[in-house]
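Reading through the structure tokens given below for one structure.
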Amino acid sequence: MTLSLVLVGCGNMGFAMLSGWIRSGKLAPSEVFVIEPNETLRDRAQALNVAVGSAVSDLPADAAPQLIVIAVKPQVIRDAVAAYKQFGSSATTFVSIAAGTPVKTFEEILGDATPVLRCMPNTPAAIGKGMMVTYANRHVSAETKAHISDLLSASGEVAEIEEEGLMDAVTAVSGSGPAYIFHFIECLTSAAEAAGLPEKTAKQLAMQTVYGAACLAAQSGTEPAELRRQVTSPNGTTAAALEILMGDDKLKSLVTKAVEAARNRSVELGS
């Protein structure tokens, strides 16, 4: 049996990606087999009309998947991957979305001739607005990289890096980044309430302002710095606020320190 893809683990991120592949037509349900030990999660996947099983032993005996996507928690990665050693050093490419797990871990378990591609997604991938960044070892062909990139594009934007060490910076910016934006929305909502707006209105204004500004920055083709200048009238209200945020590079310095802290922690967790 020739399978296009085996998905190992179908939690929130795995299911979001699977849904995107099926919904977009990039994969037909008949091309996918999901391995998920949790019955509830397995049933959810099965509702998409894909074949499911609870362990690798449930795969058809003649299965020869093109891709095996590992979507399990980093703390169980070694045991989970070891179960698929039979597919190592073959035509099967392993795709990992496990945070902080380097390619060498997969090569140690599966054999150093195994094609491995590592991907760092972020939570907006659940609604097709994610940022996926990939790194592949030398055994992954250009054709396979293009195919994987096409699949990942169902969940958002895709970028590739050529140095795996940069994954720590990727984690700090786009992996952890949504939390920074969520907190900014919290802060803007709180500030709006402090300025006298009702809670519901404050939340609506903060949420839609961040969403609209991000969409404008992404779609206008204009640099964010220029968009900022267009909004800022000399001696106006925006200028007064930006004097607080930009004075002495306060916000820039704070964000830089935050990203540095996240990157350093990513290095620690991966060592």
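Please treat every number below as a calculation from the coordinates, not as lab data. Just so it is clear, the structure is predicted and the values come from calculations on it, not from any experiment. Every residue, glycine as well, gets a Cβ built from its backbone with ideal geometry; the counts of neighbours run over all protein chains shown.
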**Prompt:** Can you work out D for the stretch 1-143 in µm² s⁻¹ from Stokes-Einstein, where Rh is the Kirkwood radius over C-alpha pairs, the temperature is 20 °C and the viscosity is 1.002 mPa s?
**Reply:** 142
**Request:** Report, for the chain, the % of DSSP beta bridges that are antiparallel, rounded to 5.
**Result:** 15
**Request:** On a C-alpha basis, how far is the centre of the stretch 110-151 from the centre of the stretch 8-84 in Å? Whole number, if you could?
**Result:** 16
**Complete:** Here FRET efficiency (C-beta to C-beta, residue 256 to residue 39, R₀ 41 Å, nearest 0.05) is 0.35
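Roughly what % of Cα-Cα distances in the stretch 168-211 sit above 14 Å, to the whole percent?
51
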**Request:** Please identify, among 38, 137, 235, the residue showing maximal mean-square fluctuation in a Gaussian network model of the chain using a 10 angstrom Cα cutoff.
**Result:** 235
**Request:** Would you mind counting up the charge near residue 52? Only other residues with Cβ under 15 Å from its Cβ, with Lys and Arg at +1 and Asp and Glu at -1.
**Result:** -3
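Place a +1 charge on the Cβ of each Lys and Arg in the chain and a -1 charge on the Cβ of each Asp and Glu, then give the dipole magnitude about the Cα centre in debye, rounded to the nearest 20. Spell out each step's value before the answer.
On the way: 21 positive and 28 negative charges, 83 e Å.
The calculated dipole for the chain is roughly 400 debye.
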**Fill in**
Among (1) 19.4, 68; (2) 21.7, 73; (3) 16.8, 52, the value of Rg and Dmax of the Cα atoms in Å computed for this structure carries the label (2)
**Message:** Over the stretch 77-160, what is the relative contact order in percent, taking alpha-carbon pairs closer than 8 angstrom and at least six residues apart?
**Reply:** 25
**Item:** Over the stretch 160-271 - Rg/Rh using Cα atoms and the Kirkwood inverse-distance radius
**Value:** 1.03
**Relative frequency of Cα-Cα separations exceeding 12 Å in the stretch 207-251, percent** = 67
**Asked** How do 44, 265 line up, fewest other C-beta atoms within 10 Å first?
**Response** 265, 44
**Asked** Can you work out ³J(HN,Hα) from phi for every residue in the stretch 21-34, in order, using Karplus 6.51 cos²θ - 1.76 cosθ + 1.60 and θ = phi - 60°, giving whole Hz and x for Gly and Pro?
**Response** 5, 6, 4, 7, x, 5, 9, 8, x, 5, 8, 10, 10, 10
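Taking the Cβ of residue 19 as the centre, find all other residues whose Cβ is under 13 Å away and add up their charges (Lys, Arg: +1; Asp, Glu: -1).
+3
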**Request:** Of all alpha-carbon pairs in the stretch 74-183, indicate the percentage at a distance above 24 angstrom.
**Result:** 24
**Item:** Summed residue charge, Cβ within 14 Å of residue 179's Cβ, Lys/Arg positive, Asp/Glu negative
**Value:** 0
**Prompt:** For the chain, what is the calculated [θ] at 222 nm in deg cm²/dmol (nearest 500), taking -39500 (n - 2.57) for each run of four or more DSSP H residues and dividing by its residue count?
**Reply:** -14500 deg cm²/dmol
